[in-house]
1. Being part of a helix (DSSP H, G or I) and out of contact with any Asp or Glu (no Cβ under 9 Å at 6 or more places or on another chain) is the filter here, so list the residues in segment 266-286 that pass it.
2. Looking at (1) within 23 Å of Leu332 (Cα to Cα); (2) in contact with a strand residue (DSSP E or B) (Cβ under 6 Å, 6 or more places away or on another chain), which one does Met46 not meet, given that it meets all the others?
3. For segment 295-303, state whether one or more residues are touching a Pro at 6+ places or on another chain (Cβ under 7 Å), modelled with pLDDT under 90, more than 24 Å from Pro23 (Cα to Cα) and surrounded by 15 or more Cβ atoms within 10 Å (Cβ to Cβ).
4. Going by the structure shown, is Ile328 at negative phi, free of Cβ contacts under 8 Å to residues at least 40 places away in the same chain, assigned to a helix (DSSP H, G or I) and open to solvent by less than 40 Å² (accessible area, probe 1.4 Å)?
5. Failed condition for Lys133, given (1) open to solvent by 30 Å² or more (accessible area, probe 1.4 Å); (2) at pLDDT 80 or above; (3) more than 30 Å from Asn237 (Cβ to Cβ), with all others met?
6. If you scan segment 243-265, which residues turn out to be among the aliphatic types (A, V, I, L, M) and either open to solvent by 60 Å² or more (accessible area, probe 1.4 Å) or over 15 Å from Asp290 (Cα atoms) (or both)?
7. Scan Val152, Val147 and give me the residue that is assigned to a strand (DSSP E or B) and over 25 Å from Thr228 (Cβ atoms).
8. Scan (1) part of a strand (DSSP E or B); (2) at pLDDT below 90; (3) open to solvent by 10 Å² or more (accessible area, probe 1.4 Å) for the single condition Ile140 breaks and write down its number.
Amino acid sequence: MLSDRQIKILEAIISDFIDTAQPVGSRTISKKYPLGISSATIRNEMADLEELGYLLQPHTSAGRIPSDLGYRLYVDSLIYESSISSKDKEIIQSLLLNKIIEAGDIAKQTVKLLTDFTHLVAVVTIPKFNKCKLANLKLIKVSDSKVLLILVTDTGIVKNIQLALSNTEQFILDKISDTMVSHLSGETIENIDVRSISKMKEKLSMFGNIVDYLIPILRDALKSLNGTELYVDGISNLLSTFEFSETEKAKNIFDFLNDDEELVKLFDNLPSDKLSIKIGTEIGVELLDDCSIVASSYHVDGNNAGRILVLGPKRMNYGAIVSTVNYISNTLSDVFSGIYL
């Protein structure tokens with residue numbers, strides 16, 4: 001158990017290191033923070049905090065920097081979530097609640113907002129398409145040999161799939177589209193299988209050849225829509241920080257953040273139902289040992305749908321970032337649940 005004096009010294013060291021990225025010495029603390037104790041006393045307490053694992057000394061005779069354990073105590077006990085100003089709330093709402101229909105556009109706007117507010121890396125996933133309900137479906141002839149299948153979900157996600165279908169008039173495609181919508185509207189995408197589609201063949205018996213061709217294509221197309229879609233922005237923000245100024249380290253981080261499979265694994269290792277803060281080695285990816293993550297989920301009609309994540313150096317402004325992530329995740333929940341659409 002740390003004493004009140006040790007906690008105040010630790011908080012001062014972490015706050016100073018977040019601002020400067022430089023090891024913090026006892027004289028700095030005694031001059032900048034009104035703790036009412038001498039530099040020598042601070043130095044002794046810093047040595048004890050290092051022995052307890054809350055501080056590290058990167059070089060002999062240098063000041064101290066926080067350890068992962070020190071950051072964890074700071075995050076769990078010492079920081080306070082900042083309040084978002086009314087002006088910032090208006091900016092977020094004006095950009096996210098502007099009747100955008102395409103989910104991908106919402107995600108792109110969200111990562112830009114997060115990077116603008118935090119000056120760090122932002123990652124956003126959109127709701128898995130196969131968990132959404134089908135709201136509309138349309139087959140549109142684009143040429144003599146190609147047809148465009150448009151799928152629209154109840155959460156506003158739009159998917160376009162190009163099909164090879166020759167010599168089919170638009171009125172036939174309209175008839176097929178209308179029949180499929182009447183039978184499948186309101187069903188989740190994952191429940192629309194070959195059996196449920198085949199039931200419509202009775203209604204479309206006059207177009208049997210086309211339907212026979214279309215069913216396996218639809219089945220395969222729907223199966224292909226099961227993956228998580230990722231949107232990333234702000235990588236340059238991270239690469240410009242002191243921690244990642246080394247060329248090799250910067251290259252490895254850049255490659256990691258551009259690898260969708262690695263990012264999906266990163267999300268899979270985070271709690272899916274609440275705000276999560278992971279510091280350094282807690283992330284479980286050696287490459288990210290100098291980073292921290294603030295992540296949260298947003299919801300569609302009360303169910304977990306997508307995730308947002310901010311990644312940066314461990315010396316980030318946790319209070320401000322937590323408040324921003326929380327506010328944006330709540331706003332996204334409203335958008336995707338249709339409250340503002």
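1. Going through segment 266-286, the residues part of a helix (DSSP H, G or I) turn out to be 266-268, 280-283, 286.
Within segment 266-286, Leu266, Phe267, Asp268, Glu286 qualify.
2. Every condition holds for Met46 apart from (1).
3. Step one: of segment 295-303, the residues touching a Pro at 6+ places or on another chain (Cβ under 7 Å) are 300.
Among the residues that remain, those that are also modelled with pLDDT under 90 are: 300.
Adding the requirement that they be more than 24 Å from Pro23 (Cα to Cα) leaves 300.
With surrounded by 15 or more Cβ atoms within 10 Å (Cβ to Cβ) added as a condition, the list becomes 300.
The answer is yes; a qualifying residue exists.
4. Values: at negative phi: yes; free of Cβ contacts under 8 Å to residues at least 40 places away in the same chain: no; assigned to a helix (DSSP H, G or I): yes; open to solvent by less than 40 Å² (accessible area, probe 1.4 Å): yes.
Here the answer is no, as Ile328 does not meet what is asked.
5. All conditions pass for Lys133, except number (2).
6. Residues of segment 243-265 among the aliphatic types (A, V, I, L, M): 250, 253, 257, 263-264.
Residues satisfying the conditions are Leu263, Val264.
7. Details: Val152 fails: over 25 Å from Thr228 (Cβ atoms).
Of Val152, Val147, the one residue that is assigned to a strand (DSSP E or B) and over 25 Å from Thr228 (Cβ atoms) is Val147.
8. Result: Ile140 passes all but (2).
The values are calculated or read from the model by the stated rules, or taken from the named source; none is laboratory data. What you see is a predicted model; the values in this text were computed from it and never measured. Using ideal geometry, Cβ is built from the backbone for each residue, glycine included, and neighbour counts are taken over all protein chains shown. Note: accessible area is taken over every heavy atom of the protein model, side chains too, but ligands, DNA and RNA are not part of it. Shrake-Rupley method; radii C 1.70, N 1.55, O 1.52, S 1.80 Å.
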